[in-house]
1. If Val60 satisfies every condition in (1) free of Cβ contacts under 8 Å to residues at least 24 places away in the same chain; (2) surrounded by 20 or more Cβ atoms within 10 Å (Cβ to Cβ) but one, which is the exception?
2. Taking the stretch 41-82 as the search range and keeping residues that are among the polar types (S, T, N, Q) and in a strand (DSSP E or B), which one is farthest from Gly101 (Cα to Cα)?
3. Kindly establish whether Val97 is within 19 Å of Gly37 (Cα to Cα) and either small (Gly, Ala, Ser) or in the same structural domain as Arg338 (by TED's automatic domain parsing) (or both).
4. Mind counting the residues in the stretch 137-159 that are touching an Asp or Glu at 6+ places or on another chain (Cβ under 8 Å) and either part of a helix (DSSP H, G or I) or free of Cβ contacts under 8 Å to residues at least 40 places away in the same chain (or both)?
5. Out of everything in the stretch 297-327 that is within 19 Å of the chain's Cα centre (by Cα) and crowded, with 22+ Cβ neighbours inside 10 Å, what residue ends up being nearest to Tyr265 (Cα to Cα)?
6. Out of the stretch 248-269, which residues are within 15 Å of the chain's Cα centre (by Cα) and closer than 26 Å to Glu316 by Cβ?
7. With the structure loaded, tell me whether Asp82 is surrounded by 18 or more Cβ atoms within 10 Å (Cβ to Cβ) and not assigned by TED's automatic domain parsing to the domain that holds Gln185 or whether it fails that test.
8. Does at least one position in the stretch 100-116 carry a residue that is small (Gly, Ala, Ser) and either outside the structural domain of Asp337 (by TED's automatic domain parsing) or part of a helix (DSSP H, G or I) (or both)?
Amino acid sequence: MHLHQLKQARPASHELEHFEDSVLALYLGQYAPRVFGLGALCHLTEGESLTFGGPQTLNVVLEGVLVSEHGWQGPGCHLDGDGSRYMVKGEKAVVWVLDRGAEPWAVKGLQSLHVALDKACRAADRALAAATPPTELPDPETLSDVDHPQIRRTAARLRRTTPEATADAIFRFVQAMPYRFGNWQERASDTLARGNGMCTTKANLQVTLMRAAGLEAGFVEMPMSMSVLGKLMPSAWLAMMRPTVRHYFGAVKLGGRWHAADSSYNDDSMGIYLESFPDYAHLLPAHVSTGKPYSPTAEKNGVDPFDIQVVPHLNEEMSKKSRFSPAQFEALNTRLDRAQGSWRNWVEDDHPDLGAGLRVVS
């Protein structure tokens, strides 16, 4: 690292907004601006490299992508210095660096910040461990494990007196789970145990529960613009995303007709969308009934939610390997976690204000 590349971070800077979208800031909460101001910024351009120093340095990528022999780091990712050399991939990158062994971090009177940072790092580690999938992923043919005991018990608990009421109960049960980007190669029972998921895993759980309850259910693919999905992500990630992605959700047959039933987004994540698309407030509360399908994506695309092609499984799609690591998914989830309160799962009981008081940066 070259000293001429560093400048003291200023709390009012544009980079602070990117820092607040980082995993570390999510768990720093109200302490994030003060901790940010005690670090320094490294601005890199194409072809330049940065060597992360010793273990006393803490590094957060704010913009761009850095690549090393061990992989790549994207916006919001943080790691301790280990001597690794990273090259800029693309036109530029910005990294926030805190040297915990030197001024200004080492001055007296900062004990509360030291404690907050230690706790934030531990919370982030716990969240990452929980989000990391097993080394051996399940066979795609087993992802809809309709005969799993917990799937059967949950389906029985959600079964109502009519198919319509049963479909709506299962739909609302899955819809209420937090939406999070992450690994999609998991069984329906694993998603049920985790208590959150992305479009594919929530759809898989919904369809599996509906089938266990005796309903006819399947899957739908529909294009989604990144101008829509990107509202859920930190802004620094958007430059790396495709303009259009494939969105998957469940469908159920009611009254002899297939109904779109997209349980991907809970009320809190839909709230993020409504900040940009207030005309879609009528989509809450979410429910499904005969003659009333539910698909925010179909409505946004101007598509008839009955005009859908339903397939029996997503095995091929859900067997594909993601280009993102668990740490990168955690960085993608910070806005969602803040809006849904998911960060509370990983903070320590003696520090209840950790993660509180941060605004969602738009």
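1. Val60 satisfies every listed condition except (1).
2. Pass one, the stretch 41-82, residues among the polar types (S, T, N, Q): 45, 49, 51, 56-57, 59, 68, 73.
Now drop any that are not in a strand (DSSP E or B), which leaves 45, 49, 51, 57, 59, 68, 73.
Numbers: Thr45: 27, Ser49: 23, Thr51: 17, Thr57: 8, Asn59: 14, Ser68: 25, Gln73: 24 Å.
So, considering only residues that are among the polar types (S, T, N, Q) and in a strand (DSSP E or B), the one farthest from Gly101 (Cα to Cα) is Thr45.
3. Details: within 19 Å of Gly37 (Cα to Cα): yes; either small (Gly, Ala, Ser) or in the same structural domain as Arg338 (by TED's automatic domain parsing) (or both): yes.
Considered against the rule, which asks whether it is within 19 Å of Gly37 (Cα to Cα) and either small (Gly, Ala, Ser) or in the same structural domain as Arg338 (by TED's automatic domain parsing) (or both), Val97 comes out as yes.
4. Summing the residues that are touching an Asp or Glu at 6+ places or on another chain (Cβ under 8 Å) and either part of a helix (DSSP H, G or I) or free of Cβ contacts under 8 Å to residues at least 40 places away in the same chain (or both) in the stretch 137-159 gives 2.
5. Per the criteria, the residue is Thr297.
6. Ser264, Tyr265
7. Values: surrounded by 18 or more Cβ atoms within 10 Å (Cβ to Cβ): no; not assigned by TED's automatic domain parsing to the domain that holds Gln185: yes.
Against the criterion (surrounded by 18 or more Cβ atoms within 10 Å (Cβ to Cβ) and not assigned by TED's automatic domain parsing to the domain that holds Gln185), Asp82 does not qualify.
8. Restricting attention to the stretch 100-116, the residues satisfying the condition of being small (Gly, Ala, Ser) are 101-102, 106, 109, 112, 116.
Filter once more, keeping what is either outside the structural domain of Asp337 (by TED's automatic domain parsing) or part of a helix (DSSP H, G or I) (or both): 112, 116.
Scanning the stretch 100-116 turns up at least one residue that is small (Gly, Ala, Ser) and either outside the structural domain of Asp337 (by TED's automatic domain parsing) or part of a helix (DSSP H, G or I) (or both).
The values are calculated or read from the model by the stated rules, or taken from the named source; none is laboratory data. These figures come from a predicted structure and were not determined experimentally. Cβ: placed from backbone, ideal geometry, glycine included. Neighbour counts: every protein chain shown.
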